[in-house]
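What follows is a single structure, written as structure tokens, with notes after it.
The values are calculated or read from the model by the stated rules, or taken from the named source; none is laboratory data. Everything numeric here is computed off the predicted structure, so don't read it as measured data. Glycine gets a Cβ as well: all are built from the backbone with ideal geometry, and neighbour counts include every protein chain shown.
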């Protein structure tokens, strides 16, 4: 017996999605090597002229207000540092992978903002969970794509999405059960399928799948980070359908980190705001 499938519209959407930029994927692979030099990572990103152009547009935007124009990623590295450039590339690639079509009442911009917010908070939560830098990059990527299944459902199954998004707040298990009735698969599973298609690290897709069990003993740092991120956003940015999903209890450590982020949220919210500014500045005129 094969794996459960989404409804035909969504299966077709998964197949039709463009490939994730190889340059960003290669950079993620390279960052796990402690001996990898920043200039080598920049060389890889520069093989993608479209992505390079969008990054440079951001670097030269009013947000950074640099005293002089920057004409290369190597030059940008001096001003901003590798992690900023790397996360900009990942964020732009994630937003670029989202479908461009929208249906009535569906704001793609809101989905994009939620994706960037999820990436930022998942990365920060991972740092509190003692994730090393290369793992934080993967956590950021998971957070960026945490709502990709929602995006695909909203765009390619809009009638079902209207029913799903109007459901009252409920447990994640109950929401998953309703999603299976409407879409064939929960949105998280659809996102995980896409990440597997793109040959991302298995921890990234499994972190999405494990979310209902994030608070249980033995849960991965990925599912724990996503639980913290979504719980934080539910409190600080209650604007999306995912806020209506009631997560299961967290572990003591997860609860401690969440309480810390909620007690002093300014740095996290500033990081989210910066990501949203990146999105606005990078949007084609």
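Would you mind stating whether residue 215 is at positive phi, at pLDDT 95 or above and surrounded by 15 or more Cβ atoms within 10 Å (Cβ to Cβ)? Taking the combined requirement at face value, the residue does not satisfy it. Of the residues in the range 259-279, none is under 29 Å from residue 13 (Cβ atoms) and outside any helix (DSSP H, G or I). I'd like the residue in the range 36-85 that is more than 17 Å from residue 24 (Cβ to Cβ) and in contact (Cβ under 8 Å) with a residue 40 or more places away in the chain and, out of all such residues, is farthest from the chain's Cα centre (by Cα). Ranking the qualifying residues of the range 36-85, first place goes to 62. For residue 201, the conditions (1) more than 23 Å from residue 107 (Cα to Cα); (2) in contact (Cβ under 8 Å) with a residue 60 or more places away in the chain; (3) surrounded by fewer than 19 Cβ atoms within 10 Å (Cβ to Cβ) are fulfilled apart from (3).
The condition of being touching a helix residue (DSSP H, G or I) at 6+ places or on another chain (Cβ under 9 Å) and part of a loop (DSSP other than H, G, I, E, B) holds for only one of 131, 127, 117, 122, that being 131. There is at least one residue in the range 29-39 that is closer than 27 Å to residue 189 by Cα, out of contact with any helix residue (DSSP H, G or I) (no Cβ under 8 Å at 6 or more places or on another chain), outside any loop (DSSP other than H, G, I, E, B) and modelled with pLDDT under 85. Of all residues in the range 142-158, those that are outside any helix (DSSP H, G or I) and crowded, with 24+ Cβ neighbours inside 10 Å total 3.
Quickly run through the range 124-141 and pick out the residues that are surrounded by 23 or more Cβ atoms within 10 Å (Cβ to Cβ) and free of Cβ contacts under 8 Å to residues at least 60 places away in the same chain. Answer for the range 124-141, where residues must be surrounded by 23 or more Cβ atoms within 10 Å (Cβ to Cβ) and free of Cβ contacts under 8 Å to residues at least 60 places away in the same chain: just 140.
Residues in the range 58-74 that are assigned to a helix (DSSP H, G or I), crowded, with 16+ Cβ neighbours inside 10 Å and at pLDDT 85 or above: 73 only. For the range 220-229, the count of residues that are assigned to a helix (DSSP H, G or I), surrounded by fewer than 19 Cβ atoms within 10 Å (Cβ to Cβ) and more than 17 Å from the chain's Cα centre (by Cα) is zero. The set of residues in the range 10-38 being under 29 Å from residue 181 (Cα atoms) and surrounded by fewer than 15 Cβ atoms within 10 Å (Cβ to Cβ) consists of 12, 15, 16, 18, 19.
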